[in-house]
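The values are calculated or read from the model by the stated rules, or taken from the named source; none is laboratory data. A quick note: this is a predicted structure, and the numbers were derived from the prediction, not measured. When we count neighbours, we look across all protein chains shown, and the Cβ atoms used for this are built from the backbone with ideal geometry, even at glycine.
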Amino acid sequence: MPFALVILVLAAAWRIFTLHVPALSNFSPLMALAFCGGVYFRGRWLWLVPLAALTLSDLYIDHYYATQYHYEWTVGGAVLRALCFAAAAGFGQLVSTRRSWLNLFSGSLGGSVLFYLVTNTASWLGDAGYAHNAAGWWQALTVGHPQFQPTLFFFRNTLVSDLLFTGVFALAMESVAQRRGAPSLLAGRTSA
């Protein structure tokens, strides 16, 4: 439990910190933590760690965007993000039965793409600033609103951070398994 709380606090703090470093927007360990939680954690309550970090940091980020940009996140948006993280944990659960480096990469990539498509499509559907046609959807997926960085910039950061942090978490978990003498991907054996 203390380890989970430390991860929760660090992940939420990192997400809030990146608000003040625009180049790191959407560069966060949360999706990788949700995915790897599905892969490696047998206790289902540990899956709640990334969801709790997401929810806690969303409260601050909502306030920040409301005061800085007069742009408010909705409860529906928060629920949608949480569902994407739950889906990433589900991807992790699927990968856990046939763990390999390729499956870890594929699952992490799938979580990133799902989050990107779902959240930007939801923005397109619910935001009056987008035309509700194919061109408006394309705008939501690529450039977004002019007062913000392009959505492809956010996707790039999401993708890179998801792959990077998944690799870091997986290496840590696999090295622990190897030290314990359990099957590990580091030894060329699957640990499923």
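Considering every residue within segment 90-106, establish whether at least one is surrounded by fewer than 18 Cβ atoms within 10 Å (Cβ to Cβ) and without any contact (Cβ under 8 Å) to a residue 12 or more places away in the chain. Spell out the reasoning first.
Within segment 90-106, the subset surrounded by fewer than 18 Cβ atoms within 10 Å (Cβ to Cβ) is 90, 93-94, 97-98, 100-102, 105-106.
Adding the requirement that they be without any contact (Cβ under 8 Å) to a residue 12 or more places away in the chain leaves 102, 106.
Looking through segment 90-106, at least one residue is surrounded by fewer than 18 Cβ atoms within 10 Å (Cβ to Cβ) and without any contact (Cβ under 8 Å) to a residue 12 or more places away in the chain.
Could you grab me the full set of residues in segment 158-182 that are under 19 Å from Arg15 (Cβ atoms) and not small (Gly, Ala, Ser)?
If the condition is that a residue be under 19 Å from Arg15 (Cβ atoms) and not small (Gly, Ala, Ser), then Thr158, Leu159, Val160, Asp162, Leu163, Leu164, Phe165, Thr166, Val168, Phe169 are the ones that fit.
Report, ordered by the first and then the second residue, all pairs with beta carbons closer than 7 Å, sequence separation of six or more or different chains, a first member in segment 52-79 that is over 18 Å from Phe115 (Cα atoms), and a second member that is β-branched (Val, Ile, Thr).
Tyr60/Ile16
Can you tell me which condition Val6 does not meet? The list is (1) at pLDDT below 85; (2) surrounded by 14 or more Cβ atoms within 10 Å (Cβ to Cβ); (3) over 25 Å from Arg156 (Cβ atoms), and all the others hold.
With respect to (1) at pLDDT below 85; (2) surrounded by 14 or more Cβ atoms within 10 Å (Cβ to Cβ); (3) over 25 Å from Arg156 (Cβ atoms), Val6 is out only on (2).
State the number of residues belonging to segment 161-192 that are at pLDDT 90 or above and either hydroxyl-bearing (Ser, Thr, Tyr) or more than 16 Å from Cys36 (Cβ to Cβ) (or both).
Total meeting the criteria: 2.
Only one of these conditions is not met by Leu51: (1) under 30 Å from Gln147 (Cα atoms); (2) loosely packed, with under 14 Cβ neighbours inside 10 Å. Which number is it?
(2)
Return the only residue of Phe155, Phe85 being under 19 Å from Ala11 (Cβ atoms) and surrounded by 19 or more Cβ atoms within 10 Å (Cβ to Cβ). Reasoning before the result, please.
Numbers: Phe155 fails: under 19 Å from Ala11 (Cβ atoms).
Testing whether each residue is under 19 Å from Ala11 (Cβ atoms) and surrounded by 19 or more Cβ atoms within 10 Å (Cβ to Cβ) leaves just Phe85.
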